[in-house]
Amino acid sequence: MKNRIHILFCCFILLVSFISCSQEIENNVRVRISLESSNSQTVHISVSLEDIYGKTVDGAYILVRNKNGIYNTVSYNPELCCYEANFSLIAELIEVRIDSSLFTKPRVYEIPHKVISEKPIISMICDSKGNSVLQGQKIDSSCPMQVSWTAMEDDCVYLIEIKNTFETLYSISTENTTVFIPENILKSGNTYYIKILAERISGDIFYETSDYYSINVIESSNYSFTTQ
């Protein structure tokens with residue numbers, strides 16, 4: 001009788017140890033999901049899985065589903081060491097289902113991914129003297145410059161970029177629809193190009209507070225202007 005109790009006790013300890021070990025492994029699996037789209041309703045999804053030792057997990061079965069119930073398989077790309085796919089977006093909430101032997105049950109994520117419906121339109125490019133690009137005038141590079149544009153939907157962040165033919169010379173991110181660019185950023189007698197990128201972002205790009213990162217970007221038309 002004592003031997004039987006001892007055997008049962010040992011089995012119980014082994015079972016608890018196995019469950020604890022399994023839970024530790026599952027809790028230490030690193031999941032990173034990104035959803036990206038730009039100027040279209042085609043979304044690129046990327047999913048990275050790492051085990052407790054930091055090694056890439058390549059045997060998972062991953063599905064992505066939109067609101068209408070259409071599933072897409074996310075396949076493993078050995079060159080990038082991640083799962084990736086492109087699919088059409090019909091809804092603003094994307095379901096990602098990850099099934100792996102490292103999990104006691106599939107992990108399911110519901111990720112917001114809202115598409116911005118209209119491009120931002122630049123309504124003003126002028127310097128502090130009142131010279132306006134939209135009226136065909138040159139910008140005085142020795143003066144501060146104001147750039148304004150139409151507001152998009154809520155929760156948008158705007159990235160403003162000014163480039164020449166070869167590189168980006170100035171960029172700034174804001175939640176407002178107007179920015180003021182300091183004087184002497186640009187050189188006189190040159191042609192520059194400016195555009196606004198409206199971005200709608202969910203999750204955490206650093207994956208510190210969330211396992212996912214979701215972004216939709218839409219660009220304005222390029223505007224060219226000359227400085228004096």
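Considering Ser75, Ser100, Ser148, which residue is open to solvent by less than 20 Å² (accessible area, probe 1.4 Å) and within 13 Å of Ile62 (Cβ to Cβ)?
Ser100 is the lone residue from the list that is open to solvent by less than 20 Å² (accessible area, probe 1.4 Å) and within 13 Å of Ile62 (Cβ to Cβ).
Residue pairs, Cβ under 9 Å, 6 or more apart or interchain, first in the range 197-214 and over 16 Å from Tyr158 (Cα atoms) and in contact (Cβ under 8 Å) with a residue 40 or more places away in the chain, second part of a loop (DSSP other than H, G, I, E, B) and not small (Gly, Ala, Ser). List them.
Gly203/Thr209; Gly203/Asp211; Asp211/Asp204; Tyr212/Asp204; Tyr213/Asp204; Tyr213/Ile205; Tyr213/Phe206; Tyr213/Tyr207
Does any residue of the range 120-137 turn out to be surrounded by 14 or more Cβ atoms within 10 Å (Cβ to Cβ) and either basic (Lys, Arg) or within 26 Å of Arg32 (Cβ to Cβ) (or both)?
Within the range 120-137, none of the residues are surrounded by 14 or more Cβ atoms within 10 Å (Cβ to Cβ) and either basic (Lys, Arg) or within 26 Å of Arg32 (Cβ to Cβ) (or both).
Quick check on my filter: what residues within the range 188-228 are of a type outside the set (Gly, Ala, Ser) and in contact with a Ser or Thr (Cβ under 6 Å, 6 or more places away or on another chain)?
If the condition is that a residue be of a type outside the set (Gly, Ala, Ser) and in contact with a Ser or Thr (Cβ under 6 Å, 6 or more places away or on another chain), then Asn190, Thr191, Tyr193, Lys195, Ile196, Asp204, Tyr213, Asn216, Val217, Thr226, Thr227, Gln228 are the ones that fit.
Quick one: which residue in Thr174, Thr168, Thr191 is under 27 Å from Ile116 (Cα atoms), open to solvent by 50 Å² or more (accessible area, probe 1.4 Å), of a type in the set (Val, Ile, Thr) and in contact with a strand residue (DSSP E or B) (Cβ under 8 Å, 6 or more places away or on another chain)?
Thr168
Within the range 47-59, which residues are touching a Phe, Trp or Tyr at 6+ places or on another chain (Cβ under 7 Å) and open to solvent by less than 90 Å² (accessible area, probe 1.4 Å)?
Val47
Give the range 43-92 a look and list any residue that's part of a strand (DSSP E or B), of a type in the set (Gly, Ala, Ser) and at pLDDT below 90, or say none.
Within the range 43-92, Ser88 is the sole residue that qualifies.
The values are calculated or read from the model by the stated rules, or taken from the named source; none is laboratory data. These figures come from a predicted structure and were not determined experimentally. Every residue, glycine among them, receives a Cβ derived from its backbone with ideal geometry; neighbour counts consider all protein chains shown. With ligands, DNA and RNA removed, areas are computed over all heavy atoms of the protein, side chains included. Shrake-Rupley method; radii C 1.70, N 1.55, O 1.52, S 1.80 Å.
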